[in-house]
1. Looking at Gly204, Gly161, which is the one that is loosely packed, with under 13 Cβ neighbours inside 10 Å and farther than 19 Å from Ala41 by Cβ?
2. Any idea which of (1) in contact (Cβ under 8 Å) with a residue 40 or more places away in the chain; (2) surrounded by fewer than 16 Cβ atoms within 10 Å (Cβ to Cβ); (3) of a type in the set (S, T, N, Q) is the one Asn84 doesn't satisfy?
3. Cβ-Cβ under 9 Å, sequence separation 6+ or interchain: first residue in segment 31-42 and closer than 11 Å to Pro103 by Cβ, partner part of a strand (DSSP E or B) and of a type in the set (A, V, I, L, M). Which pairs?
4. Do any strands (runs of 3 or more DSSP E) entirely within segment 22-101 hold 1 or more residues that are charged (D, E, K, R), and if so, which?
5. Just to be sure before I move on: is Phe81 near the ligand (Cβ under 7 Å from one of its atoms) and modelled with pLDDT of 95 or more in the structure I sent?
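The values are calculated or read from the model by the stated rules, or taken from the named source; none is laboratory data. In this text, all values refer to a predicted model and were calculated from it rather than measured experimentally. Using ideal geometry, Cβ is built from the backbone for each residue, glycine included, and neighbour counts are taken over all protein chains shown.
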Amino acid sequence: MFYEPKGNDHGLPHDPFKSCVIPRPIGWISTLSSDGIPNLAPYSQFQNLTFDPPYVMFAANQTTDGRRKDTVVNAEQSGEFVYNMATYDLREAVNLSAQQVPPEVDEFELAGVTKAPSKLVKAHRVAESPVHFECLYYQTLRLPGNSRMSTVDIVIGKVIGIHIKDEFIASDGKLNVLKIRPIARLGYYDYTIVESIFEMIIPGPDEKLRSGMEGAR
Ligand SMILES: Cc1cc2nc3c(=O)[nH]c(=O)nc-3n(C[C@H](O)[C@H](O)[C@H](O)COP(=O)(O)O)c2cc1C
């Protein structure tokens, strides 16, 4: 099949677009409002952008009534945000924190997770999450949408602090991803869990390229 997203005439009962870019990591983003209210929400339009220094981004569409999402407002006003890794054990809390509630609601309480202080930023970390990035807000790029809700704010942040729980670092010094069991978004209401890993090494003489992939020092 072929279709142009402009008309969205794919002829299927559900829009297939989001199922064609999978799996998407979930940036579980915590922020503080200007009134000091902790906010927490998942964003699967999330990615790392580069690594030296590391930058990450999340892309927030507008609320159903056309407003910027609280995470965007807070990141811009406070100049910071925290990425928490979403895992299978935390899946229900991730889902609960996706509810669209007024900015006065403490979404850590809504999701039933514990606040842990950060070291370099004021926004809290989700204590139960195995990995956190403390981020400084860098820039927002706004892409126009075809409807009020589909306009998107791409928020970029520079990672200035990284927490990894020791219990999730394996004896070979690599992250024990199979123990962490991160979850990722597919399309529809579907998710996946990282439950298997295979290794491939780029062939050829470029040792620098290879060690860059492995993250060797
Ligand atoms: C797993 C998951 C991923 C989501 N990813 C996005 C996303 O990438 N962009 C977005 O605008 N909303 C996304 N949402 C919806 C937001 O989490 C939801 O609108 C939330 O209420 C926003 O909260 P906030 O206003 O406190 O930022 C996602 C929801 C779930 C459950």
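1. Gly204
2. All conditions pass for Asn84, except number (2).
3. Between residues of segment 31-42 that are closer than 11 Å to Pro103 by Cβ and residues that are part of a strand (DSSP E or B) and of a type in the set (A, V, I, L, M), the close pairs are Thr31/Leu40; Thr31/Ala41; Thr31/Val82; Pro38/Leu32; Asn39/Ile29; Asn39/Leu32.
4. Output list reads 80-85.
5. Judged against the criteria, Phe81 is not a match.
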